[in-house]
Amino acid sequence: MVATLDTYFEVENIIQLPDSVVFNVRLNPYCPIYEGHFPARHIAPGVCQIEMIRKCAEQICGKRLIINYLKQCKFLKLITPDTHSHLKIILNVSPAENIYHVKADIIDNDNELCVNLTAEMTPQTFNEN
């Protein structure tokens, strides 16, 4: 079975706040991604954590986004789906000229900061050639 982020996590609800949007997500501890990362002790891969942030930013913008630039990306605490399956992804998305400035935090169910990210994303464009 090929693992995708569609099986990696699920958005349970979204809360709009004055300055940010909070996505309450649940990791799927049975996702095949963990068979390789790592079989004995499942750890959420950093690239999947970044991709969760991108997917949530897409929901805010209503567009497919590409990460152009990671200004800052700090992994501060391991996320293990067996013990921290419920996460909060807190996003602040500021649009500029064809660029979205994204600030994000991932908070675990112990209310501890796991990831802090600042990035620039742009809408994905397709060539129909």
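Computed values, structure above
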{"item": "Tyr34 being among the aromatic types (Phe, Trp, Tyr) and farther than 22 Å from Ala119 by Cβ", "result": "yes"}
{"item": "Subset tally (residues that are surrounded by 15 or more Cβ atoms within 10 Å (Cβ to Cβ) and either touching a Ser or Thr at 6+ places or on another chain (Cβ under 7 Å) or modelled with pLDDT under 90 (or both)) for region 6-25", "result": "1"}
{"item": "Strands (runs of 3 or more DSSP E) within region 26-113 that include 2 or more residues of a type in the set (D, E, K, R), loosely packed, with under 15 Cβ neighbours inside 10 Å and over 11 Å from the mean Cα position of the chain (by Cα)", "result": "65-75"}
{"item": "Conditions (1) in contact (Cβ under 8 Å) with a residue 12 or more places away in the chain; (2) touching a strand residue (DSSP E or B) at 6+ places or on another chain (Cβ under 7 Å): number failed by Asp110", "result": "(2)"}
{"item": "Subset of region 36-60 [modelled with pLDDT of 95 or more and of a type in the set (A, V, I, L, M, F, W, C)]", "result": "Ile50, Met52, Ile53, Cys56, Ala57, Ile60"}
{"item": "Pro32 without any contact (Cβ under 8 Å) to a residue 24 or more places away in the chain and out of contact with any strand residue (DSSP E or B) (no Cβ under 9 Å at 6 or more places or on another chain)", "result": "no"}
{"item": "Region 44-65 residues that are free of Cβ contacts under 8 Å to residues at least 60 places away in the same chain and of a type outside the set (Lys, Arg), paired with ones that are assigned to a loop (DSSP other than H, G, I, E, B) and surrounded by 18 or more Cβ atoms within 10 Å (Cβ to Cβ) (beta carbon under 7 Å, 6 or more apart)", "result": "Ala44/Ile79; Ala44/Pro81"}
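The values are calculated or read from the model by the stated rules, or taken from the named source; none is laboratory data. Note that the coordinates shown come from a computational prediction; the quantities given were computed from them, not determined experimentally. FYI the Cβ positions are ideal-geometry reconstructions off the backbone, even for glycines, and counts take in every protein chain you see.
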